[in-house]
Amino acid sequence: MGGRPPRVGFVSLGCPKATVDSERILTRLRAEGYVVAGDYQSADVVVVNTCGFIDAAVEESLEAIGEALEENGRVVVTGCLGARDGGDFIRSAHPKVLAVTGPDQGEAVMAAIHSALPPAHDPYVDLVPPQGIRLTPRHYAYLKISEGCNQSCSFCIIPSMRGKLVSRDPDSILREAEALVQSGVKELLVISQDTGAYGVDRKYRTAFHNGRPLATRITALCAALGELGVWVRLHYVYPYPHVDELLPLMAAGKILPYLDVPLQHGSPAILKAMRRPAAAEKSLERIQQWRREVPELAIRSTFIVGFPGETEADFQMLLDFVATAELDRMGCFSYSAVAGAAANALPGAVPEAVKEERRARLMAIQETISARRLQRRVGQRLRVLVDEAQGGRAIARSAFDAPEIDGLIRIGKAHGLSAGDWAEVEIVSADVHDLQAVRVAVG
């Protein structure tokens, strides 16, 4: 290498939880004197962080590994797909990889990199920023509060890959959050596989942060995060009864009036087959209660159509559920068998054509709902966070929209704005997914 520092290429796939794992590995690499390469050719070794949740993700991950092997030849694999069959699944497809590890195995990844590419001795390790190396824009960051999941959903293999729920110590979470805010982060996106269950494994025992007692519980954690003066947005929150305790924090402006709730279906029979923890009618009651207490609350969810055994009557129940719930944002997936999932053994496979037809019908209903709910925003003044700005135009988000998955607010005559800026805007029009706005002079 001619005395130059060792260079590591990095490919990060999958969900925000995988992104956090990647950020932690990148931070370790930088701290140990490695340089992150921007292309395969200049890298001495390449790390591929994989996803293995659905077939499409598996295919994407295998293709990424194959491309890295072809372009570079020295590849370390990590992530969810690495946990499949103890790594043998990947090795059978790509026997030339140097090492395979599973998710949340940063130490094992670093050991594999050390073996393939020993670190250079670097006296400047303290130059690594305290917030670590991140893959998101400077103004927002994902904050992972736990690993694994205690649910046993029949369509999901995440617990077999990431294990049972393991909640982080709240002091560790808050110290990370404080470092992120000090670095300029203005929005914290709280993530885990089951955010509402945070602390269950620790029996909600008391911890301490800056000498103050703090219960290891999602409400206590959110209250503390709300004191940092930035947007706090919650993702992957099951509709447990204790989630109701978060509503006063939303009403008081401590955390955003936004909930990402994975509801999955509206038919009791399908929910039972999915092994979901909440019944549809109770979810509807809870949604209605939430909106009574926090009228501005934005709710996002995802659903699966074409699950084994789903009849037309079951699907109609889902349509009725969505029409009644009137969710602000919604995603929909056609059921895809995942190797190792219990749902694979269920009878009543739904033909692919029927799955796609049902998905289209469901999304058509949701588009009507979305357009109607967004139309209510016309004439409102909102505080927004700018994600992009160029040529006098900007793209921003309000408190009601998460990055990358929800809608956008397009601002005209936005000269002077930059990514990460706050802006006051007035909504002037709406379409099915996005809003148009003009900047409002303040003061």
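Distances between placed amide hydrogens fall under 5 Å for A298 paired with Y258, L259, all partners being 5 or more residues away or on another chain.
Taking the stretch 323-358 and a reference point 7 angstrom along Cα→Cβ of R373, the backbone N atoms nearer than 19 Å belong to 323-333. Whole angstrom only: what separates the Cα centroid of the stretch 148-226 from the Cα centroid of the stretch 29-104? So the separation of the two Cα centres works out to 27 Å.
The label-point distance for A279 and K96, in a model that sets each label 7 Å from Cα toward Cβ, rounds to 5.7 nm. Solvent-accessible surface of the stretch 244-303, taken per residue with a 1.4 Å probe and all protein chains present: 41 Å².
Rolling a 1.4 Å probe over the protein heavy atoms gives the stretch 3-108 an accessible area of 41 Å² per residue.
Largest GNM mean-square fluctuation among P137, P262, P308, using the chain with Cα springs under 10 Å: P137. Of the options M161, A43, L297, report the single residue whose Cα projects farthest towards the positive end of the charge dipole of the chain (beta-carbon charges: Lys, Arg +1; Asp, Glu -1). Of M161, A43, L297, it is L297.
Counting heavy atoms of the protein chains alone, H209 has an accessible area of about 20 Å² for a 1.4 Å probe. Measure off, as a whole percent, the carbon and sulfur share of the 1.4 Å-probe accessible area of the chain, all protein chains present. That fraction is 53 percent. What percent antiparallel are the DSSP beta bridges of the chain, to the nearest 5? Bridges in the chain are about 40 percent antiparallel. For the pair R393 and Y240 in one chain, pulling the backbone fully straight at 0.36 nm per residue adds 51.0 nm over the alpha carbon distance. Remark on the chain: C15, C51, C80, C149, C222, C332 stand apart, with no other cysteine beta carbon under 4.7 Å. Our estimate of slack between W422 and A323, defined as 0.36 nm per intervening residue step minus the Cα-Cα distance, is 32.2 nm. Scoring 181-189, 286-294 by mean Cβ neighbours within 10 Å over their residues and listing the highest first yields 181-189, 286-294. Length gained on full extension, R381 to V432: 16.4 nm, using 0.36 nm per residue less the C-alpha separation. Candidates A269, G379, L417 compared by Cα position along the dipole of the chain: farthest toward the positive end lies G379, with charges placed on Cβ.
Pairs of Lys residues in the stretch 140-376 are counted when their Cα atoms are under 23 angstrom apart and they lie 8 or more places apart or on different chains; the count is 9. Rounded to the nearest 20, the Cβ-based charge dipole of the chain about its Cα centre (Lys and Arg +1, Asp and Glu -1) stands at 980 debye.
The values are calculated or read from the model by the stated rules, or taken from the named source; none is laboratory data. Since the model is a prediction, treat every value here as computed from it, not as a measurement. Every residue, glycine as well, gets a Cβ built from its backbone with ideal geometry; the counts of neighbours run over all protein chains shown. Note: areas computed on protein heavy atoms with side chains; ligands, DNA, RNA excluded. Shrake-Rupley method; radii C 1.70, N 1.55, O 1.52, S 1.80 Å.
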